[in-house]
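Here is the structure we will look at.
The values are calculated or read from the model by the stated rules, or taken from the named source; none is laboratory data. These numbers come from a predicted model, not from an experiment. Glycine also receives a Cβ, built like all others from the backbone with ideal geometry; neighbour counts cover every protein chain displayed.
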Amino acid sequence: MPDFRGLSKKTVLNRCIDLGIHLQSEGSGVAIFQSPSPGSEVPVGGYCNVKFTKTDLKRKVAGLEVHPAARQGNPQLSSSISP
């Protein structure tokens, strides 16, 4: 099973068709969760469940602030992320 996270619904559907597996999907946008997990064996004719979201997760994660307690004792976080 490939890692579908971050891929569009159309791309995931096309890959599932190429692999001969059925896609059961929820939502639209980009894939955020899948079952079975990446690297799992799925037989031809098997099923893959994928959840999609329209939210730009990369932008959301990039905008997150690091809690001061998480910075404590970690010089990389202290110097690379402003308070």
Task: Check on Gly73, modelled with pLDDT under 95 and small (Gly, Ala, Ser) - done: yes
Task: Subset of the range 1-38 [over 14 Å from Thr53 (Cα atoms), loosely packed, with under 14 Cβ neighbours inside 10 Å and under 12 Å from the mean Cα position of the chain (by Cα)] - done: Asp3, Ser35, Ser37, Pro38
- [ ] State whether the residues of the range 50-57 include one that is at pLDDT 90 or above, surrounded by 14 or more Cβ atoms within 10 Å (Cβ to Cβ) and in contact with a Cys (Cβ under 8 Å, 6 or more places away or on another chain).
- [x] no
